[in-house]
Amino acid sequence: MLSYIRQTNPRKVIDATHPYATATQTRIRRSAEQLGIPCQRMKIENEQEAWRDVVQWVENPAEAAAVLSRLSEANILLAGDYRNLPHYASLLRKDHLFCRIVPTVEALDLAKKVGVPETHIVAAYGPYTRAFDMLGIDVLVIRDVALDGGLAECVIPALERQMHVLMVRDE
């Protein structure tokens, strides 16, 4: 970025990158600062919904599992509907599979039944960011459901951490 800005020699740098391209935004801002060139961040309308354009959409859990099976070394957090765990558990490496489920007996029993190691089960309410940061998650898998307006609150922190988000369309 520094080399490009130096080469083009603009009077001003305007950052119009996607709202969740935070690493790129940082490189742009630092490069402009280093060269003493003013930098302005362009605000995108309706940023709260902009995440829908950068997640990877799949139609169902089977399609999601197929995508995930190609990410053999990624730490994957399955979030949301615990009833879909069987779609994933048989195809994915258990040492890289984590699930965030509601802390109910049914959810815990199913996670154990499909072979998710107990140390890879996050049975909790509250912010996803705790699980992201503790477990070194690379990929978040979540269903496109109305969580009382909370879906963006799950997805945006994942994108800000440069995670790949796989969004399963609500059935």
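The values are calculated or read from the model by the stated rules, or taken from the named source; none is laboratory data. Remember, it's a predicted structure, so these values are computed and weren't measured experimentally. In this analysis, Cβ positions are derived from the backbone assuming ideal geometry, glycine residues included, and neighbour counts consider all displayed protein chains. Side chains included, ligands, DNA and RNA excluded: accessible areas come from the protein's heavy atoms. Shrake-Rupley method; radii C 1.70, N 1.55, O 1.52, S 1.80 Å.
At-a-glance table
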{"read-out": "Of residues in the range 148-165 being surrounded by fewer than 13 Cβ atoms within 10 Å (Cβ to Cβ) and either at positive phi or of a type in the set (A, V, I, L, M) (or both), the one modelled with the highest pLDDT", "value": "GLN162"}
{"read-out": "From the options VAL168, VAL116, residue that is over 13 Å from the mean Cα position of the chain (by Cα) and either buried (at least 17 other Cβ atoms within 10 Å of the Cβ) or among the hydroxyl-bearing types (Ser, Thr, Tyr) (or both)", "value": "VAL116"}
{"read-out": "Which numbered condition THR129 misses (of (1) in contact (Cβ under 8 Å) with a residue 60 or more places away in the chain; (2) under 18 Å from ARG161 (Cα atoms))", "value": "(1)"}
{"read-out": "Strands (runs of 3 or more DSSP E) wholly inside the range 1-109 that include at least 2 residues being under 20 Å from ILE142 (Cα atoms) and either in contact with a Phe, Trp or Tyr (Cβ under 6 Å, 6 or more places away or on another chain) or open to solvent by less than 40 Å² (accessible area, probe 1.4 Å) (or both)", "value": "76-79, 97-101"}
